[in-house]
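Here is the structure we will look at, set down as structure tokens.
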Amino acid sequence: MKDDRHRHAFRDSREDREAAEQLPATPQTSSPSYRLAFDDKEFLCREDLRPVRLQLELLKPELLMNEAEVNSTIVLFGGARIPEPAKKDGARTPELAALSAQYEEARRFARLVTERSLARSGGTEDVIVTGGGPGVMEAGNRGAADAGGRSVGLSIVLPHEQAPNGYITPELSFNFHYFAIRKMHFLMRARAICIFPGGFGTLDEMFESLTLIQTGRMEQVPFLLFGRAFWEKIIDFDALAQAGTISPEDLDLFRYVETAEEALAAIDGWENAGVKRGAIPGR
């Protein structure tokens with residue numbers, strides 16, 4: 001993080017923290033009450049401090065991405081259990097093994113996006129962002145690394161989750177406690193949202209994003225579902241429209257694509273295809 005300790009005339013908080021660490025140990029200085037509030041982990045984890053933690057979790061990635069000049073992103077959502085082709089024989093079901101092709105397509109797509117980003121903006125626009133885990137997420141970060149570019153990983157602490165995948169740009173690897181704040185960071189810079197096959201987490205991210213666009217709470221951006229056969233098998237969007245629970249026009253909020261090249265063409269032609277735009281999201 002950028003060092004901004006000398007932007008004002010007041011004594012720096014880091015200096016006070018270092019000074020406090022040098023004090024002799026006495027009953028007073030050893031008491032939790034004496035710790036500097038901002039340097040007291042137990043205090044910051046109190047139930048009453050939840051609003052502060054929410055603010056910190058929103059602010060830290062925002063500041064670091066601004067400093068890193070991540071101006072816009074291409075979001076990749078997808079399943080953590082989808083294996084890379086070389087490991088598909090170890091998949092728990094034949095269907096999951098077959099979906100390994102989506103890993104490779106996500107990797108190719110991220111590579112092509114990153115190559116264009118580097119050529120057009122030096123890597124500040126259309127930066128790949130994933131959930132930081134294995135499967136499709138790993139494929140997205142891996143594809144960006146294949147192109148020699150940066151990518152973002154937005155991980156979250158889960159009891160069963162692994163460490164962030166090794167392809168994320170280290171200084172753009174973030175960890176979250178709050179799902180809601182993590183989702184905000186996925187979408188705040190999004191220029192396109194790409195959904196690959198996945199499970200509950202992917203469905204949650206897909207439907208929340210669609211809801212924000214449908215209700216005008218977020219600007220309408222290219223919204224692509226990779227693998228039409230998979231999505232039509234598990235979600236009958238047409239049935240929702242026929243039942244009247246969504247409008248027929250809502251089916252135009254997204255498109256199916258099969259390949260990385262088709263996805264890039266859809267992103268490039270999105271506005272020219274006459275897609276309506278919703279409200280610009282507030283920050």
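All of the numbers you see were taken from the coordinates with simple rules; none came from a lab. Fair warning: this is a prediction, and the values are worked out from it, not measured in the lab. Counting neighbours? That spans all protein chains shown, and the Cβs are built from the backbone with ideal geometry, glycine included.
General observations
- C-alpha center-to-center spacing [the range 102-137, the range 1-67] in angstrom: 35
- Among the lysines of the chain, pairs that are 8 or more positions apart or on different chains and have alpha carbons within less than 29 Å of each other number 11.
- Label sites at S13 and Q162, each approximated as a point 7 angstrom past Cα along Cα to Cβ, lie 3.6 nm apart.
- 3J(HN,Hα) along the range 39-47, derived from phi through the Karplus expression 6.51 cos²θ - 1.76 cosθ + 1.60 where θ = phi - 60°, amounts to 10, 10, 5, 5, 5, 5, 8, 5, 4 Hz, with x in place of Gly and Pro.
- For a label point 7 Å along the Cα-to-beta-carbon line of L240, residues of the range 39-82 with backbone N under 20 Å: 75-79
- For the range 71-273, the share of DSSP beta bridges that are antiparallel, to the nearest 5, is 0%.
- Normalised by residue count, the chain yields a Cα convex hull volume of 176 Å³ per residue.
- Distance in nm between pseudo-label sites at A86 and E171 (7 Å out along the Cβ direction from Cα): 2.9
- Among P32, G90, I181 - extreme Cα towards positive end, dipole of the chain, charges at beta-carbon: P32
- One decimal place: the segment D39-E219 gains 60.9 nm when fully extended, by the rule 0.36 nm per residue minus the C-alpha distance.
- Whole-Hz Karplus values for the range 232-238 come out as 5, 6, 9, 9, 9, 4, 4 Hz, taken residue by residue from phi with 6.51 cos²θ - 1.76 cosθ + 1.60 and θ = phi - 60°; glycine and proline positions read x.
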